[in-house]
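These notes are about the structure you will find just below.
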Amino acid sequence: MPDIEHALEALAQGRIIIITGDRLRGGDIDFAVAARHVTADAINFMASHGRGLICLTMRPERAVRLGIGLLNPGAERQSGRPFGRSIEARHGVETGISAADRAHTVRVATAPEATGDDLVSPGHVFPLIGAPGGVRERAAAAEASIELCNLAGAGDMAVICSIMRDDGEMARIDDLDDFIARHAIPVADIGALIDRIG
C-alpha cells in the first residue's frame, strides 16, 4: 500500500521507491531514487527491472544553471513531456551508457557547484524539467520525484525510470505486488503527496 512517510524515509536512506498515480500517463508507474544517492547498482536495478527510459528530474532553475533547455519549448507538435537535451559528464566516463557511467553523470550534474561546463551533449542521461509550480501544476512522476526528495531532505533532483512488465506492456501497481514485497520497496502515490503538501 502507498505510504508517503515510508517512501520519504527510504529516499533519505538512498533507497529506491515506486511512484504511482501519474495523472498524465494513465496509471504508469516509476522507480525513483534521490539523485544525490544514485549508484551504479541503483541504475542497473532500474534498467533491469524497470526497462523504461532512465531520466534525471530537476527544477527549472537547476536546468538553467546546467545550461539545459527544453527540447521543444514551443506549442507546436508538443508531446507535453518536458525533456531537456540528453547529457553526459564531460570527464570520467567511457562509453557513457554503462550503469557506472550514467551514475557518474548524475553525480556530476547533481553537484551543488555544477554548471553546463561540466556536461556535454548528447549523452545517455535524459533530463526531465519539472513544471515551475511543481506537482500541483503537473501531477506527474517527474514533479512528484522532485517534491518527494525535497521533503525527504534528499536534495531536489531524482532519477526515475518507468516500469514495464515482462511482456513489454507498461506495468500497473497491481502487477508488482510480489515484486514490491520481495524487494521491500515503498510506494508513494502522487495524489497522497498533493494532499500532504496542501
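See the values below:
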| item | result |
| --- | --- |
| Taking Arg182, Arg102 and counting other C-beta atoms within 10 Å, the order from fewest to most | Arg182, Arg102 |
| Rg to Rh, two decimals, where segment 4-197 supplies the alpha carbon set and Rh follows Kirkwood | 0.94 |
| Residues Phe179, Phe31 arranged by fewest to most Cβ contacts within 10 Å | Phe179, Phe31 |
| Estimated dipole of the chain in Debye, rounded to 20 [Cβ of Lys and Arg +1, of Asp and Glu -1, Cα centre] | 520 debye |
| The chain: relative contact order in percent, alpha carbon pairs under 8 Å with at least 6 residues between | 37 percent |
| Exposure proxy order (Cβ contacts within 10 Å, fewest to most) of Thr20, Thr39 | Thr39, Thr20 |
| Estimated FRET transfer efficiency (Leu71, Thr95; beta-carbon r; R0 25 Å; 0.05) | 0.65 |
| Burial ranking of peptide ranges 154-164, 105-115, 132-142, 50-60 (average Cβ count within 10 Å, highest at the top) | 154-164, 50-60, 132-142, 105-115 |
| CD proxy at 222 nm, helix term only [per DSSP H run n ≥ 4: -39500 (n - 2.57); per residue of the chain; nearest 500] | -9500 deg cm²/dmol |
| Percent of beta bridges antiparallel (DSSP, segment 4-197, rounded to nearest 5) | 75 percent |
| Label-point separation, Arg23 to Glu137 (7 Å along Cα→Cβ), nm | 1.5 nm |
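Where a number appears in this text, it was derived from the coordinates with a stated rule and is not lab data. Since the model is a prediction, treat every value here as computed from it, not as a measurement. Cβ coordinates were reconstructed from backbone atoms using ideal geometry, including for glycine residues, and neighbour counts include every protein chain displayed.
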